[in-house]
Amino acid sequence: DLSLNRVSEGLSQYCISVRFNPEEKTAYCKQYIDYVNDTNEELNEIYFHLYPNAFRHKDKPVFPPEELERAYPNGFSPGEIRFENISIKDKPADFIIGGFSDNTLKIMLDESLKPDEKIRIDMEYLVLLPNSPGRFGYGENTFNFANWYPIACVYADGQWHLDPYYAIGDPFYSNISNYRVEITAPKDYIIAATGEMAEEIREEGDNRVWNIAAKAVRDFAWIASNKFKVSEKKVGSTTVYSYYYTPEGGKEALDYAASALEIFNELFGKYPYPQLSVVQADFFIGGMEYPNLVMIDGSLYGEESRDWLELIT
């Protein structure tokens, strides 16, 4: 039985409350992690990746040299994560931030965490997006929040895997976990995200509050835009969504994604999640995959690029 409910049992849980400010290009976050020691060893510390800090330094780029002009069309723009609080059991935690670009957080524990034991870690932090049409950044149409929050490193084979944000390839490595994320954003913004949206979107003054739950995923990404239109189509028990600001291309992307999902369900096994989103985004490297969500280069949605749009989707 590989149902999501069964797979999700006993996993670490991330709960994140986000206040998104498009004017400041920031997200203020309160997060706690119920971290489960799923190893066979006692842990005296827990490491987290701080991927946003990889965007701090011009001399340590996360893009290859030949891509820098497209990655920063308006010149270098920094991004980062700034902590206001890290605590365990309402006490300030003992921690160190280090690594190649201050991209690793090490939290020392007062008591060893035994196998299968759980510990709650609270964090408050501000995420600053760079002006960059990549996984993590913003352009003219979208704000892309991928690899944006502190995520626990993997402990395996007797060691912590602390790989930095390499310029080549996909360096991201994390455990399957459960997520509950609440995003407060201005009313005119639509959110595309990993996981299932609650049917009711609460209103608070000039903002809307989006509640999202994701079971048994390796990561959580979201994209915000005040230009999005949304179309959907059912494929078996999965709802496929297309988020777009180029209407004809957006509807084509929905058809391409739904057709691919039907074929992959037959060839490889049934897609286990209830939702899949294809998102037109300010993104210059074709496409990029995250749990339940793929972002697609927005320039491919024009009629002259329709073959590329189908291929990448």
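The values are calculated or read from the model by the stated rules, or taken from the named source; none is laboratory data. Quick caveat: nothing in here was measured; it's all calculated off a predicted structure. Virtual Cβ from ideal backbone geometry, glycine too; neighbours counted across all protein chains shown. When the accessible area is computed, the model is the full protein with side chains, heavy atoms only, and any ligands, DNA or RNA have been set aside. Shrake-Rupley method; radii C 1.70, N 1.55, O 1.52, S 1.80 Å.
Residue-wise test of (1) crowded, with 18+ Cβ neighbours inside 10 Å; (2) in contact with a Cys (Cβ under 6 Å, 6 or more places away or on another chain); (3) in a strand (DSSP E or B); (4) in contact (Cβ under 8 Å) with a residue 40 or more places away in the chain.
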| position | (1), (2), (3), (4) |
| --- | --- |
| GLU9 | no, no, no, no |
| TYR14 | yes, no, yes, yes |
| SER17 | no, no, yes, yes |
| CYS29 | yes, no, yes, yes |
| GLU45 | no, no, yes, yes |
| VAL62 | yes, no, no, yes |
| GLU67 | no, no, no, yes |
| ILE81 | yes, no, yes, yes |
| GLU84 | no, no, yes, yes |
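Hey, does the range 15-28 have a residue that's touching a Leu at 6+ places or on another chain (Cβ under 6 Å), under 27 Å from ARG208 (Cα atoms) and of a type in the set (S, T, N, Q)? Looking through the range 15-28, at least one residue is touching a Leu at 6+ places or on another chain (Cβ under 6 Å), under 27 Å from ARG208 (Cα atoms) and of a type in the set (S, T, N, Q).
Selection of the range 267-313 for residues being of a type in the set (D, E, K, R) and free of Cβ contacts under 8 Å to residues at least 24 places away in the same chain yields GLU289, ASP297, GLU304, ASP307. Might you let me know whether the range 111-133 holds any residue that is open to solvent by less than 50 Å² (accessible area, probe 1.4 Å), aromatic (Phe, Trp, Tyr), assigned to a loop (DSSP other than H, G, I, E, B) and within 30 Å of ASN207 (Cβ to Cβ)? No, the range 111-133 has no match at all. Selection of the range 91-113 for residues being of a type in the set (Asp, Glu) and touching a residue at least 12 places away in the same chain (Cβ under 8 Å) yields ASP94, ASP102, ASP110. Being in contact with a His (Cβ under 8 Å, 6 or more places away or on another chain) and open to solvent by less than 10 Å² (accessible area, probe 1.4 Å): is that true of VAL154 here? Yes, satisfied. Checked across the range 51-60, the condition of being under 21 Å from the mean Cα position of the chain (by Cα) and open to solvent by 60 Å² or more (accessible area, probe 1.4 Å) holds for at least one residue.
Picking from residues in the range 31-43 that are in contact with a strand residue (DSSP E or B) (Cβ under 9 Å, 6 or more places away or on another chain) and in a loop (DSSP other than H, G, I, E, B), the one that is least open to solvent (accessible area, probe 1.4 Å) is ASN37. Of the strands (runs of 3 or more DSSP E) lying entirely inside the range 158-234, those containing at least 1 residues that are within 15 Å of the chain's Cα centre (by Cα) and in contact (Cβ under 8 Å) with a residue 40 or more places away in the chain are 177-186, 190-193, 207-217, 222-225.
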